[in-house]
Amino acid sequence: MPRYKLTLEYAGTRYSGWQIQKNAKTVQGELLRALGEATRSSRIETYGSGRTDAGVHALRQVAHADLAVTLPPATLITRVNDALPADINVLSAERVQPRFHARHSAVGRSYIYQIARRRTAFGKPFVWWVKEDLDPAAMEIAARVLVGFGDYRAFTDDDPDEKSTRVLVEDLSVRQQGDLVLVRVIGSHFLWKMVRRMVGVLVEVGCGRISTEQVASLTRPGSPPDQLFPARLTAPASGLFLDRVFYEGDRRHWPLEPAVLRLE
């Protein structure tokens with residue numbers, strides 16, 4: 001069966017996340033249905049680079065699909081997009097070797113989070129509106145202490161006895177553009193809810209409710225996993241975008257820009 005690497009964008013507002021679930025509309029489920037229509041076959045397997053939660057968006061999600069037929073990539077893109085709903089779109093497709101795996105071959109990922117500093121009539125599904133005054137400079141300083149290889153168990157519900165909670169965070173940037181505050185995190189991989197909790201903690205810093213020193217304590221060895229209760233600070237899914245998935249040889253740094261919205 002030929003294997004294709006697919007790069008997709010989607011608005012996650014209407015979906016219960018990426019992964020197929022019983023009795024729920026998911027992005028992977030819609031993609032599988034569209035691939036079936038495009039190839040007139042039910043012999044299809046799809047795997048994503050990773051899960052996105054309900055309401056989370058993607059600018060460049062990567063999946064691979066094993067199909068029962070061989071199609072030119074341009075034909076496959078046209079047919080699949082014709083069968084997909086308007087809020088899911090295949091950006092590119094290419095034949096790849098059978099050893100390529102969307103998740104196992106990935107060497108890194110990046111996410112962008114959009115925080116709105118004002119009410120917006122158009123952007124509610126794509127931002128978190130924080131009504132309090134924010135200090136982006138303080139957030140940027142606090143972000144630096146979360147960069148590196150550390151134990152991020154305080155930022156996830158994953159059980160460290162069942163799954164390692166150690167992650168390499170390569171970069172965590174904060175930038176203000178107009179009435180948006182953008183947060184981008186690049187890392188080897190991410191734990192469940194980790195990015196949203198990191199954003200929530202940085203917003204607490206920006207509001208002046210916690211200090212950079214308190215943030216630094218969250219990843220120190222021996223720190224209580226529930227210190228500062230990051231779970232209660234989890235940012236909403238609406239502002240989160242899976243930005244890029246990296247494979248060997250991919251460029252890792254580029255300007256931080258809004259995902260889909262500008263607020264001036």
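The values are calculated or read from the model by the stated rules, or taken from the named source; none is laboratory data. Note that the structure is a prediction, hence the values are computed from the model and not measured. All Cβ positions, even for glycine, are placed from backbone atoms using ideal geometry, and neighbour counts span all protein chains on display.
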Inset, instruction - For residues that are part of a helix (DSSP H, G or I) and of a type in the set (S, T, N, Q), tally how many sit in the range 19-33. - result: 1
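Quick grid of which residues meet (1) in a loop (DSSP other than H, G, I, E, B); (2) under 12 Å from Tyr4 (Cβ atoms); (3) assigned by TED's automatic domain parsing to the domain that holds Thr234; (4) under 18 Å from the mean Cα position of the chain (by Cα):
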| position | (1), (2), (3), (4) |
| --- | --- |
| Leu35 | no, yes, no, no |
| Ser41 | yes, no, no, no |
| Tyr47 | no, yes, no, yes |
| Arg51 | yes, no, no, yes |
| Val80 | no, yes, no, no |
Inset, instruction - Taking the residues in the range 131-149 that are among the hydrophobic types (A, V, I, L, M, F, W, C) and assigned to a loop (DSSP other than H, G, I, E, B) as candidates, determine which candidate is farthest from Val185 (Cα to Cα). - result: Leu134
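Conditions tested, residue by residue: (1) on the phi > 0 side of the Ramachandran plot; (2) in the same structural domain as Asp87 (by TED's automatic domain parsing); (3) at pLDDT below 95; (4) in a strand (DSSP E or B).
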residue: Ala121; (1), (2), (3), (4): no, no, yes, no
residue: Asp159; (1), (2), (3), (4): no, no, yes, no
residue: Lys163; (1), (2), (3), (4): no, no, yes, no
residue: Leu191; (1), (2), (3), (4): no, no, yes, no
residue: Val203; (1), (2), (3), (4): no, no, no, no
residue: Ala216; (1), (2), (3), (4): no, no, yes, no
residue: Gly222; (1), (2), (3), (4): yes, no, yes, no
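What is the residue count in the range 50-76 for residues that are buried (at least 20 other Cβ atoms within 10 Å of the Cβ), free of Cβ contacts under 8 Å to residues at least 60 places away in the same chain and not small (Gly, Ala, Ser)?
Just the residues of the range 50-76 that are buried (at least 20 other Cβ atoms within 10 Å of the Cβ), to begin with: 52, 56-58, 61-65, 67, 76.
Now narrow it down to the ones that are free of Cβ contacts under 8 Å to residues at least 60 places away in the same chain: 63.
Imposing the further condition that a residue be not small (Gly, Ala, Ser) reduces the set to none.
The qualifying residues number 0.
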Inset, instruction - Give just the number: which of (1) closer than 30 Å to Val185 by Cα; (2) surrounded by fewer than 18 Cβ atoms within 10 Å (Cβ to Cβ); (3) of a type in the set (Gly, Ala, Ser) does Gly36 not satisfy? - result: (1)
